[in-house]
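The values are calculated or read from the model by the stated rules, or taken from the named source; none is laboratory data. Because the structure is predicted, anything quoted here is derived from the model rather than measured. Heads up, the Cβs are rebuilt from the backbone with ideal geometry, glycines too, and the neighbour counts pull from every protein chain shown. Ligands, DNA and RNA are stripped out before the accessible areas are found, and what is left, the full protein with its side chains, is counted by its heavy atoms. Shrake-Rupley method; radii C 1.70, N 1.55, O 1.52, S 1.80 Å.
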Amino acid sequence: MLLTQGAWVQSLVRKLDLTSATKIWHSQVNIKERNRTTMKTKWLLILSLPAFLIPSFQVILLPLKSVSLKHQLNVIHFIQIPWTRVLHSSVHSTENLVGTHDAPIRCVEYCPEVNVMVTGSWDQTVKLWDPRTPCNAGTFSQPEKVYTLSVSGDRLIVGTAGRRVLVWDLRNMGYVQQRRESSLKYQTRCIRAFPNKQGYVLSSIEGRVAVEYLDPSPEVQKKKYAFKCHRLKENNIEQIYPVNAISFHNIHNTFATGGSDGFVNIWDPFNKKRLCQFHRYPTSIASLAFSNDGTTLAIASSYMYEMDDTEHPEDGIFIRQVTDAETKPKST
């Protein structure tokens, strides 16, 4: 099902079953919530301008109006809008300024264990925000521009330029817990933590994915591996595509990847197998998001200007129902 169309959909986020929102670069986007009981649909509208025209971001914290205030931190996520480099929060239509970065905000996460919002920016900092006030709870320098980050329990995994990966303890940000270099040769595109908090998956612009573990012991580190994906043979020449998006299935600990080849693959990281591949979407897969119960996958098909400003298919968000046959590891 095609949910909505915009222009250059950059990222999808979700915190409720059958609830999808988007981080967008340009034009407009509809955010659709469907109530399981009443089957009524609610729509919210966000407007933005393209990042390449105004190199700065506004971030809005957007709760769903059908959710009680006391549960808002469990059911909200963030809409990232290229506008002013400021962090805004919105609670029941009341918008409040949270804070700013000195350059575009590339990623936003929420950590329920520590009750903080986390932002990563091209200004080479990660900032923590107290959602109750809201106010800045700390600014932490990174070695390079922040490209991606993911929360794993009370740990924060940050991927920066220069193929660097830093692991922080959100309870004590006084020092970096681990400093790593990506095991992949080329630029990091996306990092997502395992739901079981044991490790993370990292993708690069060169059609590869690495499965990494947080435990630094040599015995555990022997389990890590990497594999090629999102490559197509065209006219007897192998075309290699960036792996732009990763999303974990919260129940099965399997994960989906989306690439600039327009394909979505589901992987079993334990048996090192691909479980399935969906049909080819009209253009690059910019982002993916499983629902909390794992029955639905939101897929953003959006041209990412890999071949510069050329004619391309319309951008869109597709909502796909997925089954255990597609997402559950096969018994061995």
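Brief remarks on what is shown
- Screening Lys272 with (1) closer than 23 Å to Ala193 by Cβ; (2) touching a Gly at 6+ places or on another chain (Cβ under 7 Å) gives one miss only, at (2).
- Odd one out for Thr327, checked against (1) open to solvent by less than 30 Å² (accessible area, probe 1.4 Å); (2) within 21 Å of Ser204 (Cα to Cα); (3) not hydrophobic (A, V, I, L, M, F, W, C): (2)
- Counting the residues of segment 93-123 that are farther than 21 Å from Asn172 by Cβ, within 20 Å of the chain's Cα centre (by Cα) and buried (at least 18 other Cβ atoms within 10 Å of the Cβ) gives 9.
- The set of residues in segment 140-175 that are of a type outside the set (Gly, Ala, Ser), assigned to a strand (DSSP E or B) and surrounded by fewer than 15 Cβ atoms within 10 Å (Cβ to Cβ) comprises Asn172, Tyr175.
- Entry remark, segment 303-332: residues being hydroxyl-bearing (Ser, Thr, Tyr), at pLDDT below 90 and within 28 Å of Lys273 (Cβ to Cβ) number 2 in total.
- 3 or more residues open to solvent by 70 Å² or more (accessible area, probe 1.4 Å): qualifying strands (runs of 3 or more DSSP E) within segment 263-318: 273-277
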